[in-house]
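The values are calculated or read from the model by the stated rules, or taken from the named source; none is laboratory data. For clarity, every value in this text was computed on a predicted model and none was experimentally measured. Please note: Cβ atoms are built from the backbone with ideal geometry, for glycine as well, and neighbour counts cover all protein chains shown. When the accessible area is computed, the model is the full protein with side chains, heavy atoms only, and any ligands, DNA or RNA have been set aside. Shrake-Rupley method; radii C 1.70, N 1.55, O 1.52, S 1.80 Å.
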Amino acid sequence: MNITVQSIHFDADRKLIDFIQRKASKLTQFYDQLLDGVCYLKLENGESEANKIAEFKINIPGNQLFAKGQAKSFEEATDLAVESLRRQINKQKTRENRTILSNHKDVLVEIENKEDI
């Protein structure tokens, strides 16, 4: 999966970009149909120490997943966002499996009705 990293109003170093791409590529273990994605790195103005934000948009067939993590470092924010994406991917897979099973039951009912005729 190809992840584009965009840092807003600052330049991210190569180690951070590699870290983000490594973490995001691990999502393919859970769902192999991930198409591509974008990661936005932002610094939030404010008093809080947790002012680093990592936002992910991941494209999958027929849908787009979004997650945001905010923490003291971009690495922590990335970990939070990737964990959120992992949960969303599992929900998506569950929905797809239910749809497949539901359609399978409909087909079985149709076949049984045709056999009765």
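Let's see how each residue does on (1) open to solvent by less than 80 Å² (accessible area, probe 1.4 Å); (2) free of Cβ contacts under 8 Å to residues at least 60 places away in the same chain:
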| position | (1), (2) |
| --- | --- |
| LEU27 | yes, no |
| GLN33 | no, yes |
| TYR40 | yes, yes |
| GLU55 | yes, yes |
| ASN59 | yes, yes |
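Filter the range 61-76 down to residues that are outside any loop (DSSP other than H, G, I, E, B) and open to solvent by 30 Å² or more (accessible area, probe 1.4 Å) and give me whichever is modelled with the lowest pLDDT. Looking at the filtered set, the residue picked out is ASN63. Within the range 81-94, the presence of a residue that is modelled with pLDDT of 90 or more, under 13 Å from ILE20 (Cα atoms) and in a strand (DSSP E or B) is excluded. Only one entry in ILE20, ILE3 is open to solvent by less than 70 Å² (accessible area, probe 1.4 Å), assigned to a helix (DSSP H, G or I), in contact (Cβ under 8 Å) with a residue 24 or more places away in the chain and touching a strand residue (DSSP E or B) at 6+ places or on another chain (Cβ under 7 Å), namely ILE20.
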